[in-house]
Amino acid sequence: MKKIVFTILALGFSLIVLSGCQTREDSSDWLQGDWYSKDWNVTYTIIMQNEDEWIIKDGEHTIARCSQEYIDDEDSKEILLIDKKGTEFHITPINKTHIKFQQVSKDGTLGTTDAVEFVKKQY
């Protein structure tokens, strides 16, 4: 009887551990939403169309349609979005409501910016 109870408890514990591993937040869902930069006085809306396609908007104006190229391991968590023209958007979370955002254009074009902080707008 003790072996059966122990086996059931061990299986239950294993299921809890496995389900916790599956729901680990490796996704970029947290990035979706409205982000405001005081330095630039602008709000960008970042929308995930699917796992590989992102849209960055300034109001109704689409700034870029990007593919998600890279999510770093647990060390830095930088997300790299690249549009079809080669412009890179480096996004690094500071915490749950703040990110560092840097736009880097491909060589030979204008548009590289310093990294600025954006704050997620709460509704």
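Derivation of every value follows stated rules applied to the coordinates shown; laboratory data play no part. Quick caveat, the model's predicted, so the values are computed rather than measured. So basically every Cβ, Gly included, is an ideal-geometry build from the backbone, and we count neighbours across all protein chains shown.
The table for this structure:
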item: Peptides 97-106, 34-43 ordered by average Cβ neighbours within 10 Å, highest first; result: 97-106, 34-43
item: Inter-label distance for Val119 and Lys85, nm, one decimal - labels placed 7 Å from Cα along Cα-to-Cβ; result: 3.0 nm
item: Long-range amide H partners of Lys77 with built H, under 5 Å; result: Asp72
item: Those lysines that a straight Cα-Cα span of less than 26 Å connects to Lys85, excepting residues fewer than 8 apart in one chain; result: Lys57, Lys77, Lys100, Lys106
item: Förster radius 25 Å - calculated FRET efficiency between Thr92 and Glu60 (Cβ-Cβ, nearest 0.05); result: 0.40
item: 5 angstrom amide H check on Val42, placed H, neighbours 5+ away; result: Ser37
